[in-house]
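Structure record follows, encoded as structure tokens.
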Ligand code: DC
């Protein structure tokens, strides 16, 4: 079985997808982490992330994969960068990296290979449309800007970063704009999307909503 989970940043997608995969005993694939890893590598090498040709070359020559210990680790050219890909610098730059057509084609192809053999829950922006158009379920997880800002502020604080709600809200809205307006793989609600608004739901409530739909 293939389950696609798409939606904007901060809607609770990744936590939900991971919990759903655990519950069903499926493999969880966080495709955002792959774009983040490539962004981290570009920033580390001081590459101009707006140069499509250089970024495509970097995507072709960078090995990004997941390793499963007690938690899922993100490995980039042999280095564990699980924590580094969540820094504000990477978050700020990642939607520019994800906008390059060739970068996306390479990522989508890798993700399709990962999705082949086993049952998966995959989360991202273009999973239902591009990566797994044949998915058994296509969930579109969303929440209000206010709630997404609140969650992101709490997450930053927990990781030791300070930022005003105003700045966080703007960053979320800028990223939404980039993610929904690019020419390939833009985030959108599909004809067969099942929309779940998590603004007023706890993670457990949202998880139960998904499980009920799948079990039904
Ligand atoms: O889910 P996330 O916030 O970790 O994703 C990071 C960025 O990567 C986000 O700005 C959108 C982009 N992304 C994408 O374009 N396509 C995907 N399948 C997953 C993420």
**Report entry** Separation in nanometres of the label points that stand 7 Å from Cα toward Cβ, at residue 199 and residue 213
**Finding:** 1.8
Query raised in the report: Which residue, 55, 114, 122, has the most motion in a Gaussian network model of the chain that connects Cα atoms within less than 10 Å?
Result: 114
**Report entry** Dimensions (Å) - the stretch 47-173, Cα atoms, principal axes, largest first
**Finding:** 41, 38, 32
Report summary line: Per the chain, sqrt(5λ) over the Cα gyration tensor eigenvalues, sorted largest first, in Å, gives 25, 21, 17
Report summary line: Largest fluctuation, 203, 68, 194 only, Gaussian network model of the chain with Cα springs under 10 angstrom, belongs to 68
Query raised in the report: Which residue, 162, 22, 147, has the most motion in a Gaussian network model of the chain that connects Cα atoms within less than 10 Å?
Result: 162
**Report entry** Contour excess over end-to-end distance, with Cα ends at residue 45 and residue 134 and 0.36 nm allotted per residue
**Finding:** 28.3 nm
Query - Computed [θ] at 222 nm, deg cm²/dmol, the chain (DSSP H ≥ 4; -39,500 (n - 2.57); rounded to nearest 500) - result: -15500 deg cm²/dmol
Report task. Rank the residues 123, 179, 136 as a footprinting-exposure proxy: fewest other Cβ atoms within 10 Å of their Cβ go first. Result -> 136, 179, 123
Report summary line: From fewest to most C-beta neighbours within 10 Å, the residues 130, 76 line up as 130, 76
Query raised in the report: Where the centroid of each part is defined by its Cα atoms, how far is the stretch 117-143 from the stretch 173-207 in Å?
Result: 11
Report task. Pull out the extension gain between residue 25 and residue 83, defined as 0.36 nm times the separation in residues minus the alpha carbon to alpha carbon distance; nm, one decimal. Result -> 18.4 nm
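Read-outs: derived from the displayed coordinates by stated rules, not from any lab. Everything quoted here is computed from the prediction, not taken from an experiment. Positions of Cβ are backbone-derived with ideal geometry, glycine not excepted, and every protein chain shown enters the neighbour counts.
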